[in-house]
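One structure below.
Throughout, read-outs are computed from the coordinates displayed, never taken from laboratory work. All of these numbers come straight from a predicted model, not from anything done at the bench. Every residue, glycine as well, gets a Cβ built from its backbone with ideal geometry; the counts of neighbours run over all protein chains shown.
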Amino acid sequence: MGDVVVFRLSNKLLELDRLAEAVEAFGERHGFPRKMIYQVRLVLDELLTNVISYGFSDNTAHEIEVEMRLVDSRLMLSIEDDAAPFDPLQAMTPDLTTAMEDRAIGGLGIHLVRKLMDSVRYERRDEKNRLFLEKTIS
Amino acid sequence: MELVEKVSGDVTILVLNGRLDSNTSKLLEDKVMDVLRQGCKKLLMDFQDVDYINSTGLRVLLLALQQLKKSQGKLVLCCIKDYMKEVFEISGYTEIFPIFTTQEEAVTGFA
């Protein structure tokens, strides 16, 4: 149902360029506004940068699967990886009310993901992290 | 990511071009540290040709602001593309950075 693109990438940061191109192509094909394309790119970038940078400690190649599905105006994303168990929803969010001089540098990526998506759900199943995200394209 | 440094009076202008992401933000960070070492107190970053920024890039802006504050300096941003503005808002950056629509307004904004 709807249009589905499944994208597989290895656990290297440079792979994110290819993913960005795939997101751009998907968004343009469906006439997403520029802002939506940017935000979807950003969300996937933040989440996958985390997984690739901190999720693996064995120095071997791992495959990460990203699915983009559009049903009517509902965009559904999923990310599946076999990295160490990590629920980004449990990660600390920055205290945006703290005085700017004292604000900790970090946690911003996850904050952006939560704010930019309508819903984010995490599950650990079959030794894999699975993240499901949804957003209405408007 | 490309960086062009310009000077207007006592304002240092960094005109940014391209993407500010995990692969490129270090370049901006190094440049900022470089101009701060040279004694820059008024720094303007022009985002006219920036088409992408992620949290790594945003962190460099906060880092630059924190460094400038130490020397009573000021960091001002301008020309952020409309489609990126919401991300600046969600990050809380519209509260902590003066943001102008044009470079000229931004330069005047230091006064």
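Considering only the range A:109-129, how many residues are without any contact (Cβ under 8 Å) to a residue 12 or more places away in the chain and either outside any strand (DSSP E or B) or within 14 Å of chain B (Cβ to nearest Cβ) (or both)?
2
For the range A:17-30, enumerate the residues that are among the small types (Gly, Ala, Ser) and away from chain B (no Cβ under 14 Å).
Going through the range A:17-30, the residues among the small types (Gly, Ala, Ser) turn out to be A:20, A:22, A:25, A:27.
Result: A:ALA22, A:ALA25.
So how many residues does the range B:87-111 have that are surrounded by 16 or more Cβ atoms within 10 Å (Cβ to Cβ), under 21 Å from B:LEU20 (Cα atoms) and not β-branched (Val, Ile, Thr)?
From the range B:87-111, those surrounded by 16 or more Cβ atoms within 10 Å (Cβ to Cβ) are B:87-88, B:90-93, B:96-97, B:99-100, B:103, B:106-107, B:109-110; that's our starting set.
Now restrict to residues that are under 21 Å from B:LEU20 (Cα atoms): B:87-88, B:90-93, B:96-97, B:99-100, B:103, B:106.
Keeping just the survivors that are not β-branched (Val, Ile, Thr) gives B:88, B:91-93, B:97, B:100, B:103, B:106.
Final tally of qualifying residues: 8.
Looking only at the range A:1-16, which residues are more than 8 Å from every other protein chain (Cβ to nearest Cβ) and assigned to a helix (DSSP H, G or I)?
Selection gives A:GLU15 alone.
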